[in-house]
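The values are calculated or read from the model by the stated rules, or taken from the named source; none is laboratory data. Treat the numbers as computed from the prediction; the structure is a model and nothing was measured. Using ideal geometry, Cβ is built from the backbone for each residue, glycine included, and neighbour counts are taken over all protein chains shown.
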Amino acid sequence: MIIAMTYENKNFPKISAIVIEDDIELRELFVELLKIHNIHVMGTGSNGKEAYELYLVYHPDIVFTNLDMQKYDGYYGIQKIIEYDEKAKFIVISGPVSNRILLEEWNVLHIMEKPIDMKKIGVMINKIMHDSIVNKMK
């Protein structure tokens, strides 16, 4: 199920994202963590097909995605998004990842293996925000 999120606040943060995760509780927890870090979560989905559909609508700065999902996995979503926008950026949060080389070719900024360490995610998000601000200043 795709869930779109909109906000009344006109002052959106500099980074927008979509979150793709089939575990509802983990997805909701991750969305809350991103909000705490002032990242605008534009929508959420539970498989790679929904990731692609959400990307077409929102064009977020970053796609946070799991790889191991039913029907359409994260690899499917990443591949479809890259075919549409080769500059799309991804952060993979998944179980053990066997094909890191392919993911690096697909603009995956970071791979975090489950179980998730929330402190490490916070550090990773801060680095992404810093890099985004530096790139926008160039």
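Out of all the residues in region 44-84, which are in a loop (DSSP other than H, G, I, E, B) and either within 12 Å of the chain's Cα centre (by Cα) or surrounded by 18 or more Cβ atoms within 10 Å (Cβ to Cβ) (or both)? Ser46, Asn47, His59, Pro60, Asp61, Asn66, Leu67, Met69, Tyr72, Asp73 - these are the residues of region 44-84 that are in a loop (DSSP other than H, G, I, E, B) and either within 12 Å of the chain's Cα centre (by Cα) or surrounded by 18 or more Cβ atoms within 10 Å (Cβ to Cβ) (or both). Any chance region 25-33 includes a residue that's free of Cβ contacts under 8 Å to residues at least 60 places away in the same chain and either more than 14 Å from the chain's Cα centre (by Cα) or part of a loop (DSSP other than H, G, I, E, B) (or both)? Yes, region 25-33 contains at least one residue that is free of Cβ contacts under 8 Å to residues at least 60 places away in the same chain and either more than 14 Å from the chain's Cα centre (by Cα) or part of a loop (DSSP other than H, G, I, E, B) (or both). Give me the residue from region 31-43 that is over 22 Å from Leu56 (Cβ atoms) and not charged (D, E, K, R) and, out of that set, surrounded by the fewest Cβ atoms within 10 Å (Cβ to Cβ). Residue satisfying both the conditions and the ranking: Ile36. Residue check: is Val19 touching a strand residue (DSSP E or B) at 6+ places or on another chain (Cβ under 8 Å), buried (at least 17 other Cβ atoms within 10 Å of the Cβ), part of a helix (DSSP H, G or I) and of a type outside the set (D, E, K, R)? Spelling it out, it is not the case that Val19 is touching a strand residue (DSSP E or B) at 6+ places or on another chain (Cβ under 8 Å), buried (at least 17 other Cβ atoms within 10 Å of the Cβ), part of a helix (DSSP H, G or I) and of a type outside the set (D, E, K, R). You will find that of Ile2, Ile15, Ile36, the residue that is touching a Leu at 6+ places or on another chain (Cβ under 7 Å) and modelled with pLDDT under 90 is Ile2 and no other.
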